[in-house]
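Asker: Got a structure here, written out as structure tokens. Questions coming.
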Amino acid sequence: MASDPHQPPAAYPPTAPPPPAWARYEPGMPPYTPEPATNVLAIVALATSFVAGLVGIICGHIALAQIKRTGEKGRGLALAGTIIGYAQVGFVFLWTVGAVVTIVISSVSHSATSWSETTADAPAAVDCTTVENASLALSTALTDLAASSWADDPTTAHQAVVDATTAFEDSTSGVTDSTLSYRINSEQMDLAKLDSAFADYEAADDPQRDPLPVVNAITTTSRDLLEVNTSCG
């Protein structure tokens, strides 16, 4: 059927818009390839390496292998995570070794100190027993001397002092404790003064004998003997 010359011509179909410049392909241009994504394990390796070094090391090595195979981005992240992971594991290892060594040294030091204290306490206990026995014997001798009629028989009393002094010195000769040795030496000096007081009293003529120095010497010797026993108490 012939077309009507008075009828307007049919509209031409609309044409598609031209493609954007980046999508146009012209002869001689390389084909478009999308930018590679960042490897997920590389990000995980870096994020976990600070708190869980072993996880960072494992994820870092896996990420490096995947990146080499797929060409993804993130190799620097994977390397950083691996290196930090190794550093974190090394720090934890060194800290653990240091803590163990500290505990062992502290334990050995404590044991050595306890052993030294035990060893040091043994002679002190023996010394105290020795001093207590010697002090008891000397105290008995001084009590008997004070209660006796030493003023009427100074020679016998003087000999009793000499015998008591010799017995005390012989009994305490093996004491090694420094504090006890100091007290024993002080007591021996008191006994020497008592011996001297008796010697002077015995040598004086009967009307001129003064018993007061002997009484004072007995009192001083008895008082200092209590300090010897207090050193063990």
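Asker: Please give the number of the condition Ser149 fails out of (1) among the polar types (S, T, N, Q); (2) open to solvent by 70 Å² or more (accessible area, probe 1.4 Å); (3) within 56 Å of the chain's Cα centre (by Cα).
Answerer: Unmet condition: (3).
Asker: Provide a single number: the residues in region 46-77 that are surrounded by fewer than 21 Cβ atoms within 10 Å (Cβ to Cβ) and closer than 21 Å to Phe91 by Cα.
Answerer: The number of residues fulfilling the criteria is 8.
Asker: What's the number of the condition Tyr182 fails, among (1) aromatic (Phe, Trp, Tyr); (2) open to solvent by less than 30 Å² (accessible area, probe 1.4 Å); (3) part of a helix (DSSP H, G or I)?
Answerer: Going through (1) aromatic (Phe, Trp, Tyr); (2) open to solvent by less than 30 Å² (accessible area, probe 1.4 Å); (3) part of a helix (DSSP H, G or I) one by one, Tyr182 breaks only (2).
Asker: Scanning region 158-183 for residues that are among the hydrophobic types (A, V, I, L, M, F, W, C) and modelled with pLDDT under 90, which turns out farthest from Thr130 (Cα to Cα)?
Answerer: Leu180
Asker: So, of the residues in region 188-204 that are of a type in the set (D, E, K, R) and at pLDDT 90 or above, which turns out to be least open to solvent (accessible area, probe 1.4 Å)?
Answerer: Looking only at region 188-204, we keep the residues that are of a type in the set (D, E, K, R), and these are 190, 193, 195, 200, 202.
Imposing the further condition that a residue be at pLDDT 90 or above reduces the set to 190, 193, 195, 200.
Numbers: Asp190: 15, Lys193: 128, Asp195: 51, Asp200: 103 Å².
Per the stated criteria, the residue is Asp190.
Asker: Let me ask you something else. Restricting the search to region 124-138, which residues are surrounded by 16 or more Cβ atoms within 10 Å (Cβ to Cβ) and over 16 Å from Cys232 (Cα atoms)?
Answerer: Scanning region 124-138 gives a single hit, Leu138.
Asker: With (1) of a type outside the set (A, V, I, L, M); (2) in contact with an Asp or Glu (Cβ under 9 Å, 6 or more places away or on another chain); (3) surrounded by 15 or more Cβ atoms within 10 Å (Cβ to Cβ); (4) assigned to a helix (DSSP H, G or I) as the list, and Cys232 as the residue in question, which single condition is left unmet?
Answerer: Evaluating Cys232 over (1) of a type outside the set (A, V, I, L, M); (2) in contact with an Asp or Glu (Cβ under 9 Å, 6 or more places away or on another chain); (3) surrounded by 15 or more Cβ atoms within 10 Å (Cβ to Cβ); (4) assigned to a helix (DSSP H, G or I) leaves (4) as the failure.
The values are calculated or read from the model by the stated rules, or taken from the named source; none is laboratory data. Computed from a predicted model, the values in this text were never measured in an experiment. Here Cβ is always computed from backbone atoms with ideal geometry, including for glycine, and neighbour counts include all displayed protein chains. Protein only, heavy atoms only, side chains kept; ligands, DNA and RNA dropped before computing areas. Shrake-Rupley method; radii C 1.70, N 1.55, O 1.52, S 1.80 Å.
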